[in-house]
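The values are calculated or read from the model by the stated rules, or taken from the named source; none is laboratory data. On a predicted model such as this, the values are computed, not experimentally measured, just so you know. Note that each Cβ is placed from the backbone with ideal geometry, even for glycine, and that neighbours are counted across all protein chains shown. The area values use the complete protein model at the heavy-atom level, side chains included, leaving out ligands, DNA and RNA. Shrake-Rupley method; radii C 1.70, N 1.55, O 1.52, S 1.80 Å.
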Amino acid sequence: MLLNQQAPYAPEQRRATLIEGRAARVQAGNGDSATGTASLVDGDFSLHDGQRILECSLERSAAKSEKKKLRGEVGDRLSCHKAQESLLSSASGYRNYRGVINWCVVMLVLSNARLFLENILKYGILVDPIQVISLFLNDPYNWPAACLLIVSNVFILVALYTERQLSKGSFSEFTGFLVHCINLSILLTFPAAVVLWVPSMTSVGGAIALGIYTILFLKLYSYKDVNLWCRQLSTAKAKKLSRSLSCPSSQQFKGGEQKVCYPGNLTIKDMYYFVLAPTLCYELNFPRSPKIRIQFLLRRLFEMLFFIQLLVFLTQQWMVPIIQSSMKPLEDMDLSLMTERLLRLAVPNHLLWLMFFYWFFHSSMNFTAELLRFGDRRFYNDWWNSESVTYFWQNWNIPVHKWCLRHFYKPLLRKGFSKMVSQSAVFFLSAFFHEYLVSVPLRMFRLWAFTGMMAQLPLAWLVGRFLRGNYGNAAVWMSIIIGQPFAVLMYVHDYYVMNYGNGAE
């Protein structure tokens, strides 16, 4: 009966009893030497028991995993659905559309390849390098656009001289302001007068010269403002300039580069670095990259050369025939014909605009920045995701946006103007320069570019008020694709009427 009650524990207890008894007998018979023997017996038992425990635990874990796997297989057979959204639904959170983008690119290439083949079969090869050169030069012995670029150094040196005199107190603030105003006014009017009145100036050469002078105007205006702020801080006996007023924090300058403080920045080297740098906003200490990356520089140079040749080729082969076929007075075209020519012009114009954007804002500006070790490479943001017209104009041209925000929009707000008035003034300034860069080289003033820019104000209100998300983005893309060729078509029409309206060949 006693054996039956102890049966569940018999194996373990029996093993322990035998070992204890054996150890006791050995100790009694052999004295001290039995102790070592008993210890060895205990050690052998412990090792053997640990191995058995490990084997048992492995067997139990294997059995559990097998049961879990079997349970999962049974669950999969019984249920294969769960609550989830479709990938194309906005609630799914799925954003990886790389394959769709690649498909769009392939379809775009194939469709335009068909148009390109049709163009080749209809017109033949129209690319002519001599004609490209004639766009810049009417007379090989007369280079007015190049002369204008050389003369631009006069305005740069006048601005530097004025700031030096102001820093020494030789000029009063009013005198310096007056000199800057005269210098900037002549900077805009002098090249326009040369383009309008010099017969050997071509439209393309005039547009490039005016574009460079416009950039220089914005740079020198920023140079004037920043040095004025520095003088105001010096007058207030400020020991350090804040980052917002063009003196960076110390952590931005590594490798032992030393900060420049006013008036130590008023040097020819500093001035021409700013003139050549890919920015419109002046700072005393620009962020600098640690070194020039030769491979990066060569890649950008290759892109510049490739895309400029591609732009010239597509313009001569694709755009020029369409524009020539559109040279017809509007009164001789019905609405359907005008719409057809507008749509024919929209696709090549838009593709050339995208190529120009990449060539200028990515390849060319990064090449210049790398060559000058200019650190701020944010020349554009994700304007292609714009859901409003305002977001597009704020992000597609970051250097201009920074200049407008820093030197025009915020000063108007500080003077008490409302946000709507200040924003309208920014669009008005942009519209003026758009018209300046188009009408003056063409030598005709029709205000189509000005009207197109001012029309962005009501368009921005309409898109922001009634369209959201993808619909707003589609509206922005439509305004870009249709708006530009419509302005081009208007200028082509006016050019035709001006030059061929009397029946001259």
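Quick notes on this structure:
- Within segment 371-398, residues that are touching a residue at least 12 places away in the same chain (Cβ under 8 Å) and farther than 20 Å from Trp353 by Cβ reach partners that are hydroxyl-bearing (Ser, Thr, Tyr) and surrounded by 18 or more Cβ atoms within 10 Å (Cβ to Cβ) with beta carbons closer than 9 Å, at six or more positions or on different chains, in the pairs Phe374/Thr279; Asp376/Thr279.
- Scanning segment 94-129 for residues that are in a loop (DSSP other than H, G, I, E, B) and either closer than 17 Å to Thr315 by Cα or touching a Ser or Thr at 6+ places or on another chain (Cβ under 8 Å) (or both) yields a total of 5.
- Among the residues examined, Leu345 qualifies as at pLDDT below 80 and part of a helix (DSSP H, G or I).
- Close Cβ contacts (under 9 Å, 6 or more residues apart or on different chains) running from residues in segment 297-316 that are within 16 Å of Pro129 (Cβ to Cβ) to residues that are among the charged types (D, E, K, R) comprise Gln316/Asp128.
- Residue in segment 428-448 that is open to solvent by 30 Å² or more (accessible area, probe 1.4 Å) and under 21 Å from the mean Cα position of the chain (by Cα) present: yes
- Selection within segment 113-140: residues that are open to solvent by 90 Å² or more (accessible area, probe 1.4 Å) and either β-branched (Val, Ile, Thr) or under 32 Å from the mean Cα position of the chain (by Cα) (or both). The member of this set that is nearest to Met201 (Cα to Cα) is Phe136.
- Residue within segment 361-381 that is among the aliphatic types (A, V, I, L, M), more than 20 Å from the chain's Cα centre (by Cα) and either modelled with pLDDT under 95 or surrounded by fewer than 19 Cβ atoms within 10 Å (Cβ to Cβ) (or both) present: no
- Just one of the listed residues (Ile125, Ile130) is of a type in the set (Val, Ile, Thr), touching a residue at least 60 places away in the same chain (Cβ under 8 Å) and more than 22 Å from Leu210 (Cα to Cα), namely Ile125.
- Residue within segment 485-494 that is in a helix (DSSP H, G or I) and over 19 Å from Ala346 (Cα atoms) present: no
- Subset tally (residues that are open to solvent by 80 Å² or more (accessible area, probe 1.4 Å), over 24 Å from the mean Cα position of the chain (by Cα) and modelled with pLDDT under 80) for segment 92-107: 0
- The residues of segment 314-329 include none that are open to solvent by 60 Å² or more (accessible area, probe 1.4 Å) and at pLDDT 75 or above.
- Residue match in segment 403-417 (condition: in contact (Cβ under 8 Å) with a residue 12 or more places away in the chain, under 17 Å from the mean Cα position of the chain (by Cα) and not in a helix (DSSP H, G or I)): no
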